[in-house]
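As structure tokens, the structure follows; a few thoughts come after it.
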Amino acid sequence: MQMNLSGQTVAVLGAAKGIGRAIAEGFLAEGCRVLGFDREPHPVPLRTPGDIHSGDATSYAAVQAFAAACGDVDHVVFSVGAGSGKFGFPFWNLEPADWARVLDINLVAAVNAAHAFAPAMAQRRRGSLLFITSVAGQVGSPTDPPYSAAKAGLINFMQCAARDLAPFGVRSNALAPGMVRTDLNESVWAAGQRRLPESQRQDYTTWAEEKIRKISPLGRWQTPAEFAAMAVFLASEHANNITGQTLNIDGGQVMHA
């Protein structure tokens with residue numbers, strides 16, 4: 001299947017590592033011009049040097065400056081995320097003060113990206129937005145309530161954006177990861193282990209494999225490359241009628257009747 005994306009411009013927020021980096025590399029492999037944005041750029045550059053801008057996505061001014069540096073953009077990918085770093089079950093294990101930063105990073109930063117890029121895309125009457133959310137935003141995961149709530153809000157905002165942008169031919173979708181080997185996933189493990197007695201603690205691999213067996217019908221990890229492949233597809237002409245959708249790449253973890 002030919003994606004026919006060569007020469008198109010893609011902005012990826014959260015491009016330094018993990019799923020965002022894999023998506024950036026995926027678009028580069030399709031011949032796209034890719035510009036990245038990240039708070040802490042990875043020491044190893046993408047295939048084209050100098051393409052990751054340093055900045056904080058929770059700053060609207062910083063995201064606006066990045067959008068201005070990108071020029072005309074065909075596709076925007078938001079792959080920024082962080083948890084509270086605490087184990088939130090029951091939710092009152094956390095304090096209300098733990099919520100603001102998590103909401104800013106996972107939800108407000110996505111709104112910043114949409115505001116910075118979408119109006120120009122609507123004016124050009126083409127393009128797509130893609131938000132990386134989480135299965136935690138669909139199932140009320142008790143592990144980190146601020147993170148779950150923020151990702152649920154992001155799914156809803158994606159749908160709002162899809163409705164608003166549809167008359168202009170611009171699409172908006174989301175991808176929801178299940179279990180992926182990322183720094184964020186490892187931080188969930190670390191937060192949970194800290195609450196346990198030393199005798200009950202597990203190393204990351206053992207914890208993850210046990211969790212996957214419990215929650216995933218397919219019983220295996222998801223990989224950043226799988227998100228890159230779907231991101232490329234959703235940006236292509238083959239997905240012209242897909243908008244307002246959250247696609248779960250989760251091994252069957254979340255199934256809606």
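The values are calculated or read from the model by the stated rules, or taken from the named source; none is laboratory data. Bear in mind the structure is a predicted one, so any value in this text is a computation, not a measurement. Quick reminder, even Gly has a Cβ in these numbers, built from the backbone with ideal geometry, and neighbours come from all protein chains shown.
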field: Evaluation of Asn173 against (1) touching a residue at least 24 places away in the same chain (Cβ under 8 Å); (2) in a helix (DSSP H, G or I); (3) closer than 24 Å to Ala62 by Cα (one fails), failing number
entry: (2)
field: From Arg125, Arg201, Arg213, residue being in contact (Cβ under 8 Å) with a residue 12 or more places away in the chain and among the basic types (Lys, Arg)
entry: Arg125
task: State yes or no: is Leu184 in a helix (DSSP H, G or I) and either modelled with pLDDT of 95 or more or within 24 Å of Ile105 (Cβ to Cβ) (or both)?
output: yes
- prompt: Of the conditions (1) touching an Asp or Glu at 6+ places or on another chain (Cβ under 7 Å); (2) under 30 Å from Ala114 (Cβ atoms); (3) not aliphatic (A, V, I, L, M), Tyr204 fails just one. Which one is it?
  reply: (2)
- request: Tell me which residues, restricted to segment 19-29, are of a type outside the set (A, V, I, L, M) and either in a strand (DSSP E or B) or in contact with a helix residue (DSSP H, G or I) (Cβ under 6 Å, 6 or more places away or on another chain) (or both).
  value: Gly26
- prompt: Taking helices (runs of 4 or more DSSP H) that fall entirely within segment 48-158, which contain at least 3 residues that are surrounded by 24 or more Cβ atoms within 10 Å (Cβ to Cβ)?
  reply: 109-124
- prompt: Which of the residues that make up segment 53-93 are farther than 26 Å from Cys160 by Cα, in contact with a helix residue (DSSP H, G or I) (Cβ under 7 Å, 6 or more places away or on another chain) and of a type in the set (A, V, I, L, M, F, W, C)?
  reply: Phe87, Phe91
field: Residues located in segment 204-227, provided they are out of contact with any strand residue (DSSP E or B) (no Cβ under 9 Å at 6 or more places or on another chain), among the charged types (D, E, K, R) and not in a loop (DSSP other than H, G, I, E, B)
entry: Glu209, Glu210, Lys211, Arg213, Lys214
task: Only residues in segment 233-255 that are exposed (fewer than 14 other Cβ atoms within 10 Å of the Cβ) count as the first member; pair them with residues that are of a type in the set (D, E, K, R), Cβ under 9 angstrom, at least 6 apart or cross-chain, and list the lot.
output: Asn240/Arg171; Asn241/Arg171
message: Quick check on my filter: what residues within segment 125-147 are among the β-branched types (Val, Ile, Thr) and under 30 Å from Asn241 (Cα atoms)?
response: Ile132, Thr133, Val135, Val139
